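The values are calculated or read from the model by the stated rules, or taken from the named source; none is laboratory data. Keep in mind it's a predicted model, so treat the numbers as computed, not measured. Neighbour counts are summed over all protein chains in view; Cβ atoms, including those assigned to glycine, are modelled from backbone coordinates with ideal geometry.
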Amino acid sequence: MFSLQPGSNQQSMSKGQCPCKDMMASAVNSFLQSPSTTPDVIKALDADGCKHVYSAIFDGDLSDVEDEEVASGRGWHRKRPSESVFDQGGRVTVKKITRISRQVKKAVCVAKVNRVDFPDFDFHLATTKCIRPKPPTTTITWEDNILKSGHSKDKVMLIYYLPRFTPKNTLDHLHEGLIEMAKIDSPHRGKTKTSKEKVGIFVDREGEITGEKRIVKEDIVPCPEFRQSGKGMDATCRTVQLLEIVSYMVNTFLEHADPEHYKEALALRDLICRARLSYDALADWDVLVYEGREILYNRKSGLHTDSQDPHLSWAILVAAGSHSGGHVHLSHLGLGVRLQPGDMTAIRGRVIPHEIED
C-alpha cells in the first residue's frame, strides 16, 4: 500500500529558478536548530515559496546529502532495500536507523510549522465528557501532499499528516512480505473479543486477502498469534521482523513529535520487562515502543474511538498495498485525511472518533 512521487517543485529549485532560495535555506536551518522561531521565517514566504521549502527539504537541494535514499527529481529509493538497509540477520542496520531518525525529525518539524487550529474541539473536555458523533457543518480534506499538523482549542496536538512518507521500494518490500506471511498464516475476521466488538466491515475483492492480524506482546502472555502453533508463531515472528523498519519510523515519530509521551512509553516498557520475563523476551527483538500493532487487509472501519488506548497515546496509521483512494474521516474535526499507499497519519485515537472511507 505504499508509493511515493517526486516533489513537483524540485526541478525548478535545482535550476535556481526559485526567487527565495536564500530565505528557504534560512527557514530549513531554523527548523533544525530552533523550530520555535521558524514560523516567523515561513510567514515571509508566499504559498509557492512554502511549497518549494517542503519540496527542497525532502527531494532537492536542501535535503540531507548523506541520505542516499533520496533521488533528486526521480522519487525516493530508486532501488529495492539492500544490504545497506538490512544486516546479514535481516535486521535494520544502525546506519539506516540513523537516517530514519533524521528524516522523521525533518518531517515533524515541517508539519509543526504548517499547523492548523481546530478551535471548536476542546481536547480535555473530550476526555471527560461523552462526545456523541454528529455530522460536521463543513469538512475540509488534506490531500495536497503538504506535511501538516493540527491542534485543539486548548493547544493539544491532535493530528499529524505525513503524506508520501514511506519510500516506494520499502513499501513494495513490505507489501510483498505481508502478502507472503498472510498465505502462510491466514488473517482472521473477528476471531478475538476485541475484533468482534469493532464496528466496520471487511471488503471482499477477487484475488485479494481479507482479514486482520494482531501482534501484541501483552503484559501477561503473548497474543494468540504467537501461541496458536509453531507455524503461526514462526510467521508472526517473521512479520515482526519484516515490520521492523516501520517500527523504527513509529518510534522516531513519537520521539520527535511527542517526547514526553515517548519517555513515558519507554518507562512503561522497561517496567513491564522487569516484571514479566515473557514480555522481556519478546521486547528484546521487537523494537516497537508500543506493545503491539494491527495489520488490516481490506477492512473498512466504522466510526469509533480506540477505547483501550490511553487518552494521550497516538494511533499511527501507515498505508501499504496497491489501492487508490481512501481517507480517514474525523467527524469532530470536520476533517478528511488522505490515506493512500505511502501516507502516514497519527491521531489521538482514544479521544477523536475516526473511520475509514473509500
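Computed quantities for the displayed model
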item: Cross-chain or 6+ apart pairs with Cβ under 7 Å, region 283-296 first and within 17 Å of ARG214 (Cβ to Cβ), then modelled with pLDDT under 85 and surrounded by fewer than 18 Cβ atoms within 10 Å (Cβ to Cβ); result: GLU291/GLU218
item: Residue count, region 188-204 (criterion: at pLDDT 80 or above and more than 17 Å from HIS354 (Cβ to Cβ)); result: 5
item: Residue satisfying condition, being assigned by TED's automatic domain parsing to the domain that holds GLY207, touching a helix residue (DSSP H, G or I) at 6+ places or on another chain (Cβ under 7 Å) and surrounded by fewer than 20 Cβ atoms within 10 Å (Cβ to Cβ), within set ILE184, ILE146; result: ILE184
item: Residue in region 340-355 that is surrounded by fewer than 17 Cβ atoms within 10 Å (Cβ to Cβ), among the small types (Gly, Ala, Ser) and either in a strand (DSSP E or B) or more than 17 Å from the chain's Cα centre (by Cα) (or both) present; result: no
item: Single match in GLY321, GLY326 (criterion: under 20 Å from the mean Cα position of the chain (by Cα), more than 29 Å from VAL85 (Cα to Cα), in contact (Cβ under 8 Å) with a residue 12 or more places away in the chain and buried (at least 17 other Cβ atoms within 10 Å of the Cβ)); result: GLY326
item: Filter result (outside any loop (DSSP other than H, G, I, E, B) and either modelled with pLDDT under 90 or surrounded by fewer than 23 Cβ atoms within 10 Å (Cβ to Cβ) (or both)) within region 329-339; result: HIS329, GLY336, ARG338
item: Counted residues, region 265-292 - those being among the small types (Gly, Ala, Ser), within 14 Å of CYS223 (Cα to Cα) and crowded, with 18+ Cβ neighbours inside 10 Å; result: 1
item: Candidate set from region 310-325 (those that are in contact with a strand residue (DSSP E or B) (Cβ under 7 Å, 6 or more places away or on another chain) and of a type outside the set (Phe, Trp, Tyr)); member that is farthest from LEU125 (Cα to Cα); result: VAL318
